[in-house]
Every structure is written in structure tokens, then in C-alpha cells.
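The values are calculated or read from the model by the stated rules, or taken from the named source; none is laboratory data. Model, not experiment: these values are computed from the prediction. Every residue, glycine as well, gets a Cβ built from its backbone with ideal geometry; the counts of neighbours run over all protein chains shown. Side chains are part of the model used for accessible areas, which takes the heavy atoms of the whole protein and leaves out ligands, DNA and RNA. Shrake-Rupley method; radii C 1.70, N 1.55, O 1.52, S 1.80 Å.
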Amino acid sequence: AAKVGLIGGASSGAAPEWMKDQYREALAKGREEKRLVLVNFTGYTCTNCRWMEANMFPRSEVVRELDQFVRVRLFTDGREPIHRTQQRYERDTFGTVALPLYAVVDAHGAPRATFLGMTRDANEFVTFLSSARRPQ
């Protein structure tokens, strides 16, 4: 039986797995599998990030889209050098350090689409993901 999430609607109960802080490896996997990469710029202290992970990502219609991408979470608010590097990448490439930021890049790192912030509208997030996959 499907679980019902906090925002209503059917949920598969489990969001797809994400690589963590492995941007180069995600790009390599994208090249190998001929898939786009979805970068989830996130933070350890980001409440809206946790909300999206708990309430949006497990929704069946969102899972179907997430499954089309190589997925990587890049934490930008930790204390390690990698976190500062990832925050600089977000700032220099996408012009913001706001969280969450979801960015679709091709397997060479070229940006295709971004979604800033959280949404309670699954259709809005699904539309972002599906439109990012369309040939450009």
C-alpha cells in the first residue's frame, strides 16, 4: 500500500539514492550512462532542504523523474574544505549560494536548468525535471 506524505497524494515511501559530495564522480557516471546529472545543493542546517527530501522526493511522480538522472547532493555549509569548494562552485556557476538549489547539468558540467528553493507543488517540480531532460 502506498504511503501518504505530509503534502497529500501517493508516495512510494522511499526517495531514490543520492551520491554525496562526489561531483566529479557523478559527471563520470553521467557520461558512462549517457544521462544528465541533477545536483542538489543542500546544507546540513537547511530546513527547506530536509522538507523537500522528506516530502517531495518520495512522491511517486517525482521518483519517476529523479530516476532519469544521476543524482548528487553537494553540501555547502559544512566545515570541511570540500564544502567551501562546493559553495564556490554554486556561486560561480549559478550566481547564488541560496539553499536548496537544484541544478541539472550535462555530463560535462554545462548547466541546463535550475530550480531555486522549495515547493509544495509536485507538478511544478516534475515540470522542472522533465523540461530539463528535453533536448536543447
Given the conditions (1) touching a residue at least 60 places away in the same chain (Cβ under 8 Å); (2) surrounded by 14 or more Cβ atoms within 10 Å (Cβ to Cβ); (3) of a type outside the set (Gly, Ala, Ser), report the number of the one that ARG120 does not fulfil. (2)
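Looking at GLN68, GLN136, which is the one that is in contact with a strand residue (DSSP E or B) (Cβ under 8 Å, 6 or more places away or on another chain) and part of a loop (DSSP other than H, G, I, E, B)?
Working: GLN68 fails: in contact with a strand residue (DSSP E or B) (Cβ under 8 Å, 6 or more places away or on another chain).
From the options GLN68, GLN136, the qualifying one is GLN136.
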Would you mention how many residues in segment 38-67 are open to solvent by 20 Å² or more (accessible area, probe 1.4 Å), closer than 19 Å to GLN22 by Cβ and touching a residue at least 40 places away in the same chain (Cβ under 8 Å)? 1
